[in-house]
1. Residues being small (Gly, Ala, Ser) and in contact with a Leu (Cβ under 8 Å, 6 or more places away or on another chain): count how many of those fall in the range 26-40.
2. Residues that are in contact (Cβ under 8 Å) with a residue 24 or more places away in the chain, among the β-branched types (Val, Ile, Thr) and open to solvent by 20 Å² or more (accessible area, probe 1.4 Å): does the range 2-10 have at least one?
3. Of everything in the range 93-110 that's buried (at least 22 other Cβ atoms within 10 Å of the Cβ) and at pLDDT 95 or above, which residue is farthest from Gly10 (Cα to Cα)?
4. Can you pull out the residues in the range 26-47 that are within 14 Å of the chain's Cα centre (by Cα) and either surrounded by 21 or more Cβ atoms within 10 Å (Cβ to Cβ) or among the hydrophobic types (A, V, I, L, M, F, W, C) (or both)?
5. Which residue, of Ala23, Ala50, is among the small types (Gly, Ala, Ser), on the phi < 0 side of the Ramachandran plot and buried (at least 18 other Cβ atoms within 10 Å of the Cβ)?
6. Taking Thr40 and the conditions (1) closer than 17 Å to Ala14 by Cα; (2) of a type in the set (Ser, Thr, Tyr); (3) in contact (Cβ under 8 Å) with a residue 40 or more places away in the chain, which numbered condition does it fall short on, given that it satisfies the others?
7. If Phe68 satisfies all but one of (1) more than 19 Å from Ser25 (Cα to Cα); (2) open to solvent by 20 Å² or more (accessible area, probe 1.4 Å), what's the number of the condition it fails?
Amino acid sequence: QVQLVESGGGLVQAGGSLRLSCAASGGTFSNYAMGWFRQTPGKERDIVAAITQSGGETWYETSVKGRFTISRVNAKNTVYLQMNSLLPEDTAVYYCAAGFGVVNIWVSTLYDSWGQGTQVTVSS
């Protein structure tokens, strides 16, 4: 399994931006679809964005479409989540995840390697 380390979380005012990064090691990064998930206390971990192995296709959960952008640089073994126009309801712990050979990138249960998470807090 690939090992994942997220960074870039923090506190931001509503309307602001943050960029999350996720560095992978221990596997052939380009073999993995990558996803960003988020979780708030007492709720399930939900997928918010995903990207195919090549980066040619992306998927977004409805509430973040037009505000978040997922991208990857395979040469750097890194996936990013650019978050703009942040809302207080975006407050959560954000996790990146990897899925080996995943085709249906929006299916959250296909991801099986996880980072430790990074807190994003959006103040109103």
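The values are calculated or read from the model by the stated rules, or taken from the named source; none is laboratory data. In this text, all values refer to a predicted model and were calculated from it rather than measured experimentally. As a convention, Cβ positions derive from the backbone with ideal geometry for all residues, glycine included, and neighbour counts pool all protein chains shown. These accessible areas exclude ligands, DNA and RNA; they are computed on the full protein's heavy atoms, side chains included. Shrake-Rupley method; radii C 1.70, N 1.55, O 1.52, S 1.80 Å.
1. Residues flagged as small (Gly, Ala, Ser) and in contact with a Leu (Cβ under 8 Å, 6 or more places away or on another chain) within the range 26-40 amount to 1.
2. Within the range 2-10 (the criterion being in contact (Cβ under 8 Å) with a residue 24 or more places away in the chain, among the β-branched types (Val, Ile, Thr) and open to solvent by 20 Å² or more (accessible area, probe 1.4 Å)), the answer is yes, since at least one residue qualifies.
3. Gly99
4. Scanning the range 26-47 gives Tyr32, Ala33, Met34, Gly35, Trp36, Phe37, Arg38, Ile47.
5. Ala50
6. (1)
7. Phe68 satisfies every listed condition except (2).
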